[in-house]
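Please treat every number below as a calculation from the coordinates, not as lab data. Source: prediction; values computed, not measured. FYI the Cβ positions are ideal-geometry reconstructions off the backbone, even for glycines, and counts take in every protein chain you see.
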Amino acid sequence: MTLGKATGLVAGFIGAIALGVWVGPHVTNTNRDINATAPAVVSPAANATSTPRASSSRAESAIAREAAAVPATAPALRDRLAPVLTQGTNMEMAAKGFTSGEAFATVAYASRNTQVPFVVLKHRVLNEHRTLADAIAMSNPGINAAHAVTVARAQARAEVLSVEKTS
């Protein structure tokens with residue numbers, strides 16, 4: 001191999017790497033703000049007003065308002081959800097980005113119940129702006145995602161209400 005061919009080959013490799021570094025973020029769309037927050041899960045109060053149900057009652061809406069009143073950063077809620085998430089999870093980081101304690105608890109319970117990692121569900125709900133049911137269905141297509149969300153939301157409401165009562 002001559003010096004000219006070797007130089008051309010090296011220049012081609014360097015050019016390909018430089019092009020990949022320059023174009024890569026635009027192709028994979030990783031240059032967006034990852035810490036942007038979005039509504040994680042439709043809050044029960046919003047859900048009750050947007051799709052009224054015949055079985056909805058005043059007591060049920062009062063419970064929903066109480067549950068929405070607990071923030072995701074509440075220490076009592078984080079302590080109660082620690083056993084639900086993987087051992088050693090940084091609860092402060094896990095709760096970051098959620099608009100309510102119930103949204104945080106719902107994703108945590110959905111993660112445990114469906115065996116889908118919490119960080120995957122959190123990313124798809126907060127960053128990709130998907131519904132929790134869509135995030136579950138993408139991660140584990142064999143699961144009835146709508147039922148999993150209903151079960152997780154019921155568990156989360158019970159957890160948040162117990163925190164509310166003890167506060």
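Between A6 and Q115, the modelled label-to-label distance comes to 5.5 nm, taking each label 7 Å out from Cα in the direction of the beta carbon. Residue-wise HN-Hα couplings along segment 135-146, as the Karplus relation 6.51 cos²θ - 1.76 cosθ + 1.60 with θ = phi - 60° gives them from phi, are 4, 5, 4, 5, 7, 9, x, x, 9, 6, 5, 4 Hz; Gly and Pro carry x. Within segment 113-167, the GluC sites (Glu not before Pro) that combine a DSSP coil assignment with at most 15 other C-beta atoms in a 10 angstrom radius are E128. Based on C-alpha pairs under 8 angstrom that are at least 6 apart in sequence, segment 96-167 has a relative contact order of 38 percent. Gyration tensor analysis over the Cα atoms of segment 79-167 returns equivalent ellipsoid semi-axes of 20, 14, 12 Å (largest first, whole Å).
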